[in-house]
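Undergrad: Take a look at the following structure, please.
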Amino acid sequence: PRFGEERDNHIGATPQPNGWYGSWAEFFVERRLRHQFALANTRGGGFSDATVTRCLAVVRDVLVERDPSPSLLHGDLWGGNAAFLDEGEPVVFDPAAYFGDGEADIAFTRMFGGFGPGFYRAYRTRHPAPAGVERLHAIYNLYHLLNHFVLFGGGYAESAKRTMREIAD
């Protein structure tokens, strides 16, 4: 199994490094979180090296234990990137695609209000929620909180720091 993507792409306006990894934990820590922490600190996020190191160690351990199979992810799946054609056919757009854990997309769908209950029922029929799903979703949404801080500033850094504490508990 391989995680990542051959080419780098973007999540919003932020460059998103990819490449291929044999380990989901290594890919997510190195190509998602570590990259965003560096960008966030360049913007004044104030994430200490010690706190980041501790957080990444916990994330790595959780994801090594999870050991998912790679799924093609949208990468930026939220309500603003989904719509319906005139005929009622659903469409998604503005992808930041790569191969990763399907729960990463599901986590982000819930960050800004989510999709309707039918969406989650249908998904969970095929993919039951894993043990520790709340912590797992916090890990995956930390990436998006950091990216939102990089893009928009404001309180996203504090939200990311709060999420880091939740992950470490």
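The values are calculated or read from the model by the stated rules, or taken from the named source; none is laboratory data. All of these numbers come straight from a predicted model, not from anything done at the bench. Cβ: placed from backbone, ideal geometry, glycine included. Neighbour counts: every protein chain shown. When the accessible area is computed, the model is the full protein with side chains, heavy atoms only, and any ligands, DNA or RNA have been set aside. Shrake-Rupley method; radii C 1.70, N 1.55, O 1.52, S 1.80 Å.
Undergrad: Given a 1.4 angstrom probe, what's the average accessible area per residue across region 1-153, in square angstrom?
TA: 51 Å²
Undergrad: Can you classify region 1-81 as rounded, prolate or oblate using the Cα gyration tensor, where a ≥ b ≥ c are the square roots of its eigenvalues, rounded means a/c under 1.5, and otherwise it's prolate if a/b beats b/c and oblate if not?
TA: Here region 1-81 falls in the oblate category.
Undergrad: Same structure again: Please state the charge dipole magnitude for region 1-85, taken about the Cα centre, from unit charges on C-beta atoms (+1 on K and R, -1 on D and E), reported in debye and rounded to the nearest 20. Please report the intermediate quantities before stating the final value.
TA: Working: 9 positive and 10 negative charges, 34 e Å.
Magnitude of the dipole: close to 160 debye.
Undergrad: Shifting gears a bit: Using the Cα centre of the chain as the reference point, and only Cβ charges (+1 on K/R, -1 on D/E), how large is the resulting charge dipole? Debye, rounded to the nearest 20.
TA: Here the size comes out at about 460 debye.
Undergrad: Can you find, among GLY88, GLY4, HIS137, the residue sitting farthest towards the positive end of the charge dipole of the chain, where Lys and Arg contribute +1 and Asp and Glu -1 at Cβ?
TA: Result: HIS137, furthest along the dipole toward the positive end.
Undergrad: Provide the net charge surrounding LEU63, with neighbours chosen by a C-beta distance below 10 Å and charges set as Lys +1, Arg +1, Asp -1, Glu -1.
TA: Net charge in that neighbourhood comes out at -3.
Undergrad: Net charge around MET164, counting only other residues with Cβ within less than 11 Å of its Cβ (Lys, Arg = +1; Asp, Glu = -1)?
TA: Within the 11 Å Cβ shell, the charges total +1.
Undergrad: For region 112-168, just say rounded, prolate or oblate: build the C-alpha gyration tensor, square-root its eigenvalues into a ≥ b ≥ c, call rounded for a/c under 1.5, and beyond that prolate if a/b exceeds b/c, oblate if not.
TA: Details: a/c = 3.44, a/b = 1.73, b/c = 1.98.
Oblate, because a/c is 1.5 or more while a/b does not exceed b/c.
Undergrad: OK, next. Between region 30-57 and region 83-111, what is the separation of their alpha carbon centroids in Å?
TA: After rounding, the separation between the Cα centres reads 26 Å.
Undergrad: Given a 1.4 angstrom probe, I'd like the percentage of the accessible area of region 61-169 that is carbon and sulfur, rounded to a whole number.
TA: Exposed carbon and sulfur together represent 55 percent of the surface.
Undergrad: Still on this structure: If I take R0 = 30 Å and measure r between the Cβ atoms of GLU65 and MET111 in this structure, what FRET efficiency does the formula 1/(1 + (r/R0)^6) give, to the nearest 0.05?
TA: After rounding to 0.05, the efficiency reads 0.80.
Undergrad: Looking at the chain, which longest stretch skips every one of the chymotrypsin sites (Phe, Trp or Tyr not before Pro) that is in a DSSP loop with at most 14 other Cβ atoms within 10 Å, leaving the sites themselves out?
TA: Longest stretch, sites excluded: 1-92.
Undergrad: Considering the dipole of region 1-142 built from charges on the beta carbon (Lys and Arg +1, Asp and Glu -1) around the Cα centre, which of ASN41, ALA13, HIS127 is farthest to its positive end?
TA: Most positive-ward Cα: ASN41.
Undergrad: Assign unit charges at the C-beta atoms only (+1 for Lys and Arg, -1 for Asp and Glu), then state the dipole size of region 1-51 relative to its Cα centre in Debye, rounded to the nearest 20.
TA: Roughly 100 debye for region 1-51.
Undergrad: Could you pull out every residue, at least 5 positions away or on a different chain, whose amide H is within less than 5 Å of the one on ASN9? Hs are placed 1.01 Å off N in the peptide plane, and Pro or chain starts have none.
TA: GLN16, ASN18
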